[in-house]
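Enquirer: First the structure, then my questions, so here it is.
Derivation of every value follows stated rules applied to the coordinates shown; laboratory data play no part. Computed from a prediction, not measured in an experiment: that's the story for all the values here. Cβ placement follows ideal geometry from the backbone for every residue including glycine, while neighbour counts extend to all protein chains displayed.
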Amino acid sequence: MHRFLTRVFDLRLIAIAAALTLCVAPAAHSAVVVYGCQLDGYSESPSNSSPAIGSAEVDIDAPAHTMRVQVSFVGLMGTTTASHIHAPTSLPGTGLAGVATTTPTFAGFPLTVTAGAYDNTLNLTLSSSYNPAYVTANGGTAAGAESALLAAIAAGKAYLNVHTSVVPAGEIRGFLIPVDPTPSHPTSWGRVKTLYR
């Protein structure tokens, strides 16, 4: 009887440990905040008639001090000359701002093309991840620049811009807004479930 009670007690401890692990795991995953936008000429200031379209996703992991930037685009009138994040605008979702991230362009961004894709992670603790003028304007440190950039993105005052040879000020852009990465359409859950059966 004593062995039976010991095994029951051991099973309870394992169940409690498993439950605690499940509770902690989502908290660690929730550290990443996802922002995204559609890129087009209409969103530029002033707007333009570019037929190009694109999208961007920016994943911010504040505890790790990283920002993953993913961009895809197609149909540009000119060839790419630069891409970066501008911040902060005076008002959310509108206006112009100076370049906050790496200048003249994101490291490794595809240049001299009319379509492409980009995926890179910036270390936000490094001054080289920012425009030097942005660092200076925000306390002279990478920590100050990081704080200012994350606040601007969270407030809807940051946009991703793709500059080209035909529209040097920016052919397509979009303001970064929070994205819920969880499928919201009821049929989406059914599709997700079938992947794990």
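Enquirer: Only residues of region 139-177 count here: report those whose backbone N is under 16 Å from the spot 7 Å along Cα→Cβ of S45, or say none.
Expert: Answer for this model: 152-162, 169-177.
Enquirer: What percent do you get for the relative contact order of region 31-180 when only Cα pairs under 8 Å and 6+ apart count?
Expert: Value for region 31-180: 30 percent.
Enquirer: Right, something else. Counting other beta carbons within 10 Å of each Cβ, put I153, I53 in order, fewest first.
Expert: Ranked by crowding around the Cβ, least crowded first: I53, I153.
Enquirer: Net charge near N48: determine it from the other residues with C-beta under 14 Å of the C-beta of N48, scoring Lys and Arg +1 and Asp and Glu -1.
Expert: Overall, the nearby charge balance is -2.
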